[in-house]
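A short write-up of the structure that comes next.
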Amino acid sequence: MPTAIELAEQFQASLMGEASCAFIGLAPLESAQQDQISFLSNPLYRQQASQSQAGALIVSKADFDFLQEIKGPNSDKRVYFVSKNPYATFARMAQFFAKQSTPLYAAGIHPSAVIDPTVVIPGSCHIGPFVQIEAGVKLGERVCILSSTTIARNSAIANDTLIYPSVSIYQGTQVGERCIVHSGAVIGADGFGFAPDFSSTGGEWVKIPQTGNVVIGNDVEIGASTTIDRGAMSDTVIGNGTKIDNQVQIAHNVVIGNCCVIAGCAAISGSTKIGNFCIIGGSANFAGHLTIADRTTVSGNTSIIRSIIEPGQHFTGVYPSMLHSAWEKNAAILRGLDKIRQRLRLLDKNKNSGS
């Protein structure tokens, strides 16, 4: 078990308390015990933190000072990891403990896997049952591909990437290092491209060949049943560190910047470019051929139909979208709309009776 001083040094936190205390993992404030660590990132839970049985807390300097003043029943025995960003420190520490219990996939190839002889597979990789890997695929070190996944021809998957069962990766897809792709994801399917050719007597939708690829950066996570279409001629690109939730649709030629987060059921139409550090809420949707500035936040269920040029803005609204601050003002008026109507009716009645 790691000691407090080892954890403090590894995660760059200031240690307050007994350096030799050892911990088995993390737990919520209400259930954590003496050999567990919890965290406080919201001042609303300060009182709960003071009463917690946790043997250690990850806190900010302000929260540490507060907890020292009120002195809960476990305060004298507790260890504190004081951090500038307790939530991020908690996440990194949780990753550390999770690795101690996460199933390890032993290197090797299951006999039921179907692998073309041209595939490059380092000895450190794990290939699960019923995996199919086509010609020209290149795998990095320690790649894990779990059961019933298909990797199509000429794709490349870099070091330490984990692909869960039943993922479909189409031809030419490039996946970076330390990525996680969850079950049911489809990467590199044809984009939805058709040219209309109609006359008064009939016609057809003429399919446009989708000859681009999908390029995924390092440290990207892709949720279950998410779909990322290949480009029509240029590539669809997902930037480093971006995290994509379940059931997200990313169309052809979309470019998503670094360190974005996209919540479930969002949909991004073709050729839209999302900047860096953007936050996109669940079921938000984007029209095609838009440009979205860095650090834009889009609330859930919001429709974006125009480009956003100025960085750092927050948009909200089912239709049309507007700045979040304007939406809050309008929402406050909307909540009181019935009272406003009653007042207008009363004023109208008084006016008529007076005349």
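Quick one: net charge of residue 250's neighbours, Cβ under 14 Å, K/R +1, D/E -1?
Values: positive: 230, 243, 273; negative: 190, 221, 229, 235, 245.
Result for the neighbourhood of residue 250: -2.
Give, as a single signed number, the net charge of other residues whose beta carbon lies under 11 Å from the beta carbon of residue 52, with Lys and Arg counted +1 and Asp and Glu -1. Result for the neighbourhood of residue 52: +1.
In this rough spin-label picture, where each label sits 7 Å from Cα along the Cβ direction, the residue 24-residue 301 distance is 4.3 nm. Antiparallel beta bridges, as assigned by DSSP with both residues in the range 16-80, represent about 10 percent of the total such bridges.
Pairs of Cα atoms under 8 Å, at least six residues apart: use those to get the relative contact order of the range 6-88, whole percent. Display every interim value, and only then the final one.
On the way: 152 pairs, mean separation 26.8, N = 83.
RCO, the range 6-88: 32 percent.
Sorting 205, 327 by accessible area puts them as 205, 327; the probe is 1.4 Å, largest comes first, and only protein heavy atoms count. Membrane-span-like helices of the chain, defined as complete DSSP H segments with a Cα extent of 20 Å or more along the helix axis and a mean Kyte hydropathy of at least -1.0, are identified as 86-101.
A 1.4 Å probe run over the range 259-355, with the rest of the protein chains in place, finds 63 Å² accessible per residue. Centre-to-centre separation between the Cα atoms of the range 13-38 and those of the range 97-135: 36 Å.
Each DSSP beta bridge with both residues in the chain is either parallel or antiparallel, and the antiparallel ones are about 15%.
Given a 1.4 angstrom probe, what's the average accessible area per residue across the range 130-217, in square angstrom? Spell out each step's value before the answer.
Working: 4080 Å² over 88 residues.
Accessible area per residue: 46 Å².
Between 334, 324, 100, the Cα set farthest toward the positive side of the dipole of the chain (charges on each charged residue's Cβ, about the Cα centre) is that of 334. The residue 124 and residue 147 beta-carbon pair, evaluated with R₀ = 25 Å, returns a calculated FRET efficiency of approximately 0.85.
Determine, from the Cβ-Cβ distance of residue 208 and residue 45 and an R0 of 45 Å, the FRET efficiency 1/(1 + (r/R0)^6), rounded to the nearest 0.05. Before the final figure, lay out each step's value.
Values: r = 54 Å, r/R0 = 1.19.
FRET efficiency, residue 208 to residue 45: 0.25.
Using a 1.4 angstrom probe on the protein heavy atoms only, could you order 328, 177 from most to least accessible area? Intermediate values should be presented prior to the final figure.
Details: 328 95, 177 60 Å².
Reading off the accessible areas and sorting them downward yields 328, 177.
Just by accessible area at a 1.4 angstrom probe, what is the order of 265, 278 from largest to smallest?
Values: 265 65, 278 0 Å².
Ranking 265, 278 by accessible area, largest first, yields 265, 278.
For the chain, give the percent of accessible area contributed by carbon and sulfur heavy atoms, probe 1.4 Å, rounded to a whole number.
On the way: 10320 of 18780 Å².
The C+S portion of the solvent-accessible surface of the chain is 55 percent.
Taking all Cα pairs closer than 8 Å and separated by 6 or more residues, the relative contact order of the chain comes to 6 percent.
Count charges around residue 205 for me, please; just the other residues with Cβ under 15 Å from its Cβ, Lys/Arg as +1, Asp/Glu as -1.
Details: positive: 207; negative: 190, 197, 204.
Once all neighbours under 15 Å are counted, the net charge is -2.
The calculated FRET efficiency for the pair residue 34 and residue 341, based on their C-beta separation and a Förster distance of 45 Å, comes to about 0.15. Take the Cα of residue 112, go 7 Å toward its beta carbon, and the backbone nitrogen atoms of the range 137-167 under 15 Å from that spot belong to 146-150, 165-167. Straight-line cross-link reach from residue 207 at under 28 Å between alpha-carbon atoms covers these lysines, not counting any fewer than eight positions away in the same chain: 273. The list [x] 0.96; [y] 1.30; [z] 1.18 gives values of Cα Rg over 2.2 N^0.38 Å, and only one came from this structure; which label was calculated from it? Checking each listed value against the structure points to [y].
Based on Cβ point charges of +1 for Lys and Arg and -1 for Asp and Glu, what charge dipole magnitude is obtained for the chain about its Cα centre, in debye rounded to the nearest 20? Before the final figure, lay out each step's value.
Working: 26 positive and 27 negative charges, 292 e Å.
That gives a dipole near 1400 debye.
A simple spin-label model places pseudo-atoms 7 Å from Cα toward Cβ; at residue 88 and residue 6 they are separated by 2.5 nm. Scanning residues 5 or more positions from residue 308 or on other chains, those with amide H under 5 Å from its amide H are 291, 292, 293, with H placed 1.01 Å from N in the peptide plane.
The values are calculated or read from the model by the stated rules, or taken from the named source; none is laboratory data. In this text the structure is predicted, and so the values were computed from the model without any measurement. In this analysis, Cβ positions are derived from the backbone assuming ideal geometry, glycine residues included, and neighbour counts consider all displayed protein chains. We work out accessible area using only protein heavy atoms, side chains counted, and drop any ligands, DNA or RNA first. Shrake-Rupley method; radii C 1.70, N 1.55, O 1.52, S 1.80 Å.
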